[in-house]
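J.: Next up is a structure, given as structure tokens.
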């Protein structure tokens, strides 16, 4: 199913979409928060009203909140874990810790640490007792929450914004951004069919409850904000959010209150800086793209001065003003590129349901949130990756801690294709907006150069394969079932979550056929958006679309570290025909594509399903005869293929010419004949 899926609006369309999805209960929340920020002390006070709907069949005797910023204190679990990992020397004899965290938490001063403190908490007006477990707040309820009932929690809290260490924080010297406000509020933990997910904040991923947010942020009026949600008082706020060509009506005083609403999201992020430059693009019949980036001459002069004289001269003619022009042009390209690639993204992965998306300068790398991302720089690769998280985390909401590879890996898979599309566009089907908001993409450019892996082009996911192969041979690999925070090494986590997860999806196309895999992605999205799917949910969609049994693929590739390794063992003549013996050298059974090329240029694909598939894919190769053989019993180490031509007519034999099989040793996969 490759046809373009039109955008659907929020409200009735979203509700109808939810009703059509798989039947699984989930909790529901509505946050109403008022925040007052003091930019001199880097502290804020907040009030939070949380409507919590228990849609589960269970009676809840306690609830849990995440208090993420308490991790940024010396001696915290995050601090200790980072320093312990740093004792291991792996890649190039370097410490294994995250270079952004290192031992920096240990050295934070009292006015640099982060904290979140609860001053009062009630449920339905009754005071509640609670216990702080560093980054987890346990609330022992005075009265249980019954199934299918709603309660209201009211909380007053205060927080100090930590110095930028990981994801959130303030005053990152590399970006110069004042506030990257992620994981900033007391956030109720998810309760699902597995129970409570009260995971402490150690290093990595997140999981949240879908709901609606109304957030009012009061801050000095010189600051520009961006993030999750729609600004409901844009004409009062201004800062580039007002309707084009209109005048704003700012409130008096030194502060402004920014009023955001965000429907059907599972988190809320914002960022603020007095030197943000705000640009936007309006996509026809689609969302508004916002880009906010730091533009401060003193900060830019520091960045320019840090460059070598060679770079200054070669790249910018030795002129600071050229550096500034290039800096701004790259941020503008982020906005324009988003306009260009969205139709392709939607045709490939599903419709984007919200009315805006923001790329915001901040954080410490790239980190995704609903309707927005924090990005460290104007790198398009990073921008595409973080945006694709909207599909594989913000809209599907898989538990990243348990299935990090389904988030990072599938996002990396999508990023590779989006980047390929953007690089390969040869016909710019854009027009200038009459409102001056920039180019608007009208359609997918069908003339872009797409890698044809069936004709010998390099696989666009090759980097992921190479990273996975290195991991598999390193001795550090752990199963993909490993909890994100519990990997023994950062190196193993990164290669598993990003690279092996990407390989999973590309190799699924090898098993079921690329067109069917694309259908699976659409059906997976349409069935499970807003529903927290797990790997079994994905596999069931894949089985229905492919008419194959695929549980074995999950068992081997996800639950174990067994590797794939096939080779051409031997070849001999049998009269006027040829016999080829293939050998399985690894522990991981897979179907086999064996391409036979003859001296006259003709080709035969000898296709061998594996026994427990109970199905077969269609031919994916143009101008190639497709020969389907009996299934290879997975217990058998060898398999013999009979080719209906003399051996002297063969030019070459190759296992997996499309290079999608994650074979850890391809040295024995190809034979060429010099007759």
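The values are calculated or read from the model by the stated rules, or taken from the named source; none is laboratory data. If you're wondering where the values come from, they're calculated on a predicted model, not measured in any experiment. Backbone-built Cβ (ideal geometry, glycine too); neighbour counts: all protein chains shown.
J.: Could you tell me which of the residues 493, 510 is surrounded by 20 or more Cβ atoms within 10 Å (Cβ to Cβ) and either modelled with pLDDT under 95 or closer than 28 Å to residue 548 by Cβ (or both)?
T.: After ruling out the rest, the residue left standing is 510.
J.: Also, quick follow-up: Has the stretch 74-88 got at least one residue that is at pLDDT below 95, under 28 Å from the mean Cα position of the chain (by Cα), part of a loop (DSSP other than H, G, I, E, B) and closer than 28 Å to residue 476 by Cα?
T.: yes
J.: Given the conditions (1) touching a helix residue (DSSP H, G or I) at 6+ places or on another chain (Cβ under 7 Å); (2) at pLDDT 95 or above, report the number of the one that residue 109 does not fulfil.
T.: Exception for residue 109: condition (1).
J.: Does the stretch 264-293 hold any residues that are in contact (Cβ under 8 Å) with a residue 60 or more places away in the chain, out of contact with any helix residue (DSSP H, G or I) (no Cβ under 8 Å at 6 or more places or on another chain), surrounded by fewer than 22 Cβ atoms within 10 Å (Cβ to Cβ) and outside any loop (DSSP other than H, G, I, E, B), and which are they?
T.: Hits for the stretch 264-293 are 282, 288.
J.: Here is a follow-up. Suppose we filter 329, 338 for residues that are on the phi < 0 side of the Ramachandran plot, crowded, with 23+ Cβ neighbours inside 10 Å, part of a helix (DSSP H, G or I) and more than 13 Å from the chain's Cα centre (by Cα); which single one remains?
T.: Unique residue meeting the criteria: 338.
J.: Just checking, which of 174, 180 is under 26 Å from the mean Cα position of the chain (by Cα), closer than 30 Å to residue 103 by Cα, touching a residue at least 40 places away in the same chain (Cβ under 8 Å) and not in a loop (DSSP other than H, G, I, E, B)?
T.: 180
J.: Let me ask you something else. Tally up the residues in the stretch 143-160 that are over 26 Å from residue 70 (Cα atoms) and assigned to a strand (DSSP E or B), please.
T.: 6
J.: Still on this structure, please answer the following. Scan the stretch 201-237 residue by residue and report those that are farther than 30 Å from residue 54 by Cα, free of Cβ contacts under 8 Å to residues at least 60 places away in the same chain and either touching a strand residue (DSSP E or B) at 6+ places or on another chain (Cβ under 8 Å) or surrounded by 18 or more Cβ atoms within 10 Å (Cβ to Cβ) (or both).
T.: Residues satisfying the conditions are 221, 225, 233, 236, 237.
J.: Considering every residue within the stretch 505-518, establish whether at least one is in a loop (DSSP other than H, G, I, E, B), over 21 Å from the mean Cα position of the chain (by Cα) and in contact (Cβ under 8 Å) with a residue 40 or more places away in the chain.
T.: Yes, that holds for at least one residue.
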